[in-house]
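Here the structure comes first, spelled out in structure tokens, and everything after it is commentary.
The values are calculated or read from the model by the stated rules, or taken from the named source; none is laboratory data. Here the structure is a predicted model, which is why all the values come from computation and not from measurement. Using ideal geometry, Cβ is built from the backbone for each residue, glycine included, and neighbour counts are taken over all protein chains shown.
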Amino acid sequence: MLGYSVRRLIQIVPILIGLVTVLFALLNILPGDPARMMAGPFADPDVVKTIREEMGFNRPLWVQYLDNLGNLARGEFGRSYQSRRPILQDLIEVFPKTIQLAIAAEVASALIGVWLGVIAAARRNGWADRLIMTIAALNLSFPLFWLALMLQIAFAVSLRLLPPSGYGIGFDRFIILPAFTLALPSLGLLARITRAALLEVMAEDYIRTARAKGLRNALVMRRHMLPNALIPIVSTIGADFVRLLGGIPIIEVIFAWPGIGKYAYDALVFRDLPALQASVVVLAVSVSLVNLAVDLLYAYINPRIRYV
Amino acid sequence: MHISIREFATSDWGRFQRSRLALAGVGVILLFMLLAAFAPYIVTDPTQIEMRREQDGQTLRPPFPPSRLNLFGTDQLGRDIFARVVYGLRTSLIVGILVRGISMVAGVLLGLISGFFPRYVDDLIMRITDIMLAFPVILLAMTVTAVLGPGLVTVCVALALVAWPDVARLVRGQALSIRGQTYVEAARCVGAGSWRILLRHVLPNCMGPIIVAFSMGIPGAIMYEAGLSFFGFGIQPPTPSLGSIISDGRGYITVAPWYPGFPGLVLTILVLSVNLVGDGLIDVMNPRAASGMQYNRSAT
């Protein structure tokens, strides 16, 4: 299992090189001169020239590219064009906030989603089932940015219950709206998967046996059905966490949550290549780690799967 | 894939219900398509500005609330939001179908090649998909539109670029499982070339999953277009896009909630309808797969 994990981690390296290459190519086709951006719109041409030489923008592209790769390989992300600070320092500040938001959203959607799925499966084809499945389908169809706006209107502007945007320390009231917005689509997906997995298990002989020996319904659900339906549920939670990380830039920008998604967005707007590539690399590595964790968890839940 | 009415009727109640929902989805999509196609004959000019309105002896300033005159109200320039939404639907539908079309053709071709040709071709294509899939989708799409300059065509290119790897993966898997079948061996024995086998034997046998992937990918494309336009990376004014109308309406959230509200509602209904059709297709193509099917990476 350890060997398997190590091999999986090594496989990330060529992907990262590919990512950096694509980004480097794209950002160098981008119109706009980073030296001019740094100097400001009214800067003296000489200042722009000095910055260009200092930052090495006047060197041939392939030298810049190789230099960039070498720095990354040594774990040096460089300095942000925008904040002028070492990017590593920015990332250490910004990344935990994203993790905090993502975990809050995923825990909320896992708890509520599985719970709704269990209710729907237990009352199959009843009104509760139909209601839950309708809500699930609706949740999956909301555009995230619009949902965010509407929730801001409802809870921050009209009801004045929660702050509309911003960041507070710890698990504060600030996290509720962005986390809930992120959780809503996931919750719908999880409710559907849970219901489907439970319905599949329900047809098994051992469930009939459990019922036949007089076990209460709640106990059958908890002891016999849920554990056996867990594999698709866990794999969905994993895939969903990855999806959530993808949607996080949008939520962070709208809710002014100072996480890595907003950092990357600002970097893109500012044509800040080092900051953008560093955040993309960090996000890509986290996605790979989540995928690996899900695969390992898989093997733990289902002993029939063994990785060599 | 031919399904008779009787087969529909004999399936269990849940499936029937589901197919009824799918039919409702088809109805909504057709309605939206008609609206979008005949927009100039149905709604007023979406660029018509009206800066003041006399009503009950009072002079009103836009944004005007929903009324018989303006079904969805107007924006801050007095432009009819219903008209703008109908034209925005046009953009959404064009982008959804075009993006999914391009990414399906690219993904299917590369997937077939990957699953059927020598190992090194397969490795090359799969490593490229690995790289593309490792990108945070919305950031990559934004970067590409930033590079190419915003606009309808570049949005389609950017979104197709981020969407094809999923399709390639799916089709490769199908092609791999089909290439070991006896009928492929038989075709090879009678002297059929690789391309002929791919197009005449492998492709038709992966059609089910391909059709499902086509329909399931449209909502993602529509939402990403709206998301890009919302952040100013997508369709540029004066072309109306649901995303940019919502973005413009952001500042009027408190005084005119209808302004960002209705466009988003229409967008949600459109995406929901396409999702319902996708669910119905899954049920028809693969009756054994129960409800909860994976949605494509719809992150926006």
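Data overview
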{"quantity": "Hey, residue B:187 within 23 Å of residue B:109 (Cα to Cα), of a type in the set (Gly, Ala, Ser) and crowded, with 22+ Cβ neighbours inside 10 Å or not", "calculated": "no"}
{"quantity": "Where a residue in the range A:191-210 is within 16 Å of residue A:110 (Cβ to Cβ) and in contact (Cβ under 8 Å) with a residue 12 or more places away in the chain and its partner, wherever it lies, is part of a helix (DSSP H, G or I) and of a type in the set (S, T, N, Q), with Cβ under 6 Å and at least six apart", "calculated": "A:193/A:236"}
{"quantity": "Flag for residue A:263 being over 28 Å from residue B:243 (Cβ atoms), more than 9 Å from chain B (Cβ to nearest Cβ) and not in a loop (DSSP other than H, G, I, E, B)", "calculated": "no"}
{"quantity": "Residue list for the range B:98-129, filter: within 14 Å of another protein chain (Cβ to nearest Cβ) and touching a residue at least 24 places away in the same chain (Cβ under 8 Å)", "calculated": "B:125, B:126, B:128, B:129"}
{"quantity": "Test set (1) within 14 Å of chain A (Cβ to nearest Cβ); (2) surrounded by fewer than 22 Cβ atoms within 10 Å (Cβ to Cβ); (3) within 22 Å of residue B:250 (Cβ to Cβ) - residue B:61 fails condition number", "calculated": "(1)"}
{"quantity": "Tally of residues being more than 22 Å from residue B:94 (Cα to Cα) and in contact (Cβ under 8 Å) with a residue 60 or more places away in the chain across the range B:130-168", "calculated": "1"}
{"quantity": "Qualifying residue in the range A:288-303 (condition: surrounded by 21 or more Cβ atoms within 10 Å (Cβ to Cβ) and not aromatic (Phe, Trp, Tyr))", "calculated": "no"}
{"quantity": "Of residues in the range A:162-181 being under 13 Å from residue A:103 (Cα atoms) and of a type in the set (A, V, I, L, M, F, W, C), the one modelled with the lowest pLDDT", "calculated": "A:171"}
{"quantity": "Residue selected from the range A:143-159 under the condition aromatic (Phe, Trp, Tyr) and without any contact (Cβ under 8 Å) to a residue 60 or more places away in the chain, by the criterion nearest to the other protein chains (Cβ to nearest Cβ)", "calculated": "A:146"}
{"quantity": "Whichever residue in the range B:265-275 is surrounded by 24 or more Cβ atoms within 10 Å (Cβ to Cβ) and facing another protein chain (nearest Cβ under 7 Å) and, among such residues, is nearest to residue B:90 (Cα to Cα)", "calculated": "B:267"}
{"quantity": "The range A:245-260 - residue that is of a type outside the set (Val, Ile, Thr) and either within 8 Å of chain B (Cβ to nearest Cβ) or in contact with a His (Cβ under 6 Å, 6 or more places away or on another chain) (or both) and, of those, surrounded by the fewest Cβ atoms within 10 Å (Cβ to Cβ)", "calculated": "A:246"}
{"quantity": "Residue match in the range A:28-39 (condition: part of a loop (DSSP other than H, G, I, E, B) and either surrounded by 14 or more Cβ atoms within 10 Å (Cβ to Cβ) or modelled with pLDDT of 80 or more (or both))", "calculated": "yes"}
{"quantity": "Residue A:155 farther than 23 Å from residue A:237 by Cβ, assigned to a helix (DSSP H, G or I), within 19 Å of the chain's Cα centre (by Cα) and among the hydrophobic types (A, V, I, L, M, F, W, C)", "calculated": "no"}
{"quantity": "Residue identified as among the β-branched types (Val, Ile, Thr) and in contact with a Cys (Cβ under 8 Å, 6 or more places away or on another chain) among B:43, B:99, B:105, B:26", "calculated": "B:99"}
{"quantity": "Hits in the range B:55-99 (condition: assigned to a strand (DSSP E or B) and closer than 22 Å to residue B:257 by Cα)", "calculated": "B:55, B:59, B:60, B:74, B:80"}
{"quantity": "Tally of residues being hydroxyl-bearing (Ser, Thr, Tyr) and at the interface with chain A (Cβ under 8 Å from one of its Cβ atoms) across the range B:248-264", "calculated": "1"}
{"quantity": "Residue that is surrounded by the most Cβ atoms within 10 Å (Cβ to Cβ), among those in the range B:236-259 that are modelled with pLDDT of 85 or more and aliphatic (A, V, I, L, M)", "calculated": "B:242"}
{"quantity": "Filtered residue count, the range A:104-142, keeping only those that are surrounded by 14 or more Cβ atoms within 10 Å (Cβ to Cβ), more than 13 Å from chain B (Cβ to nearest Cβ) and not charged (D, E, K, R)", "calculated": "11"}
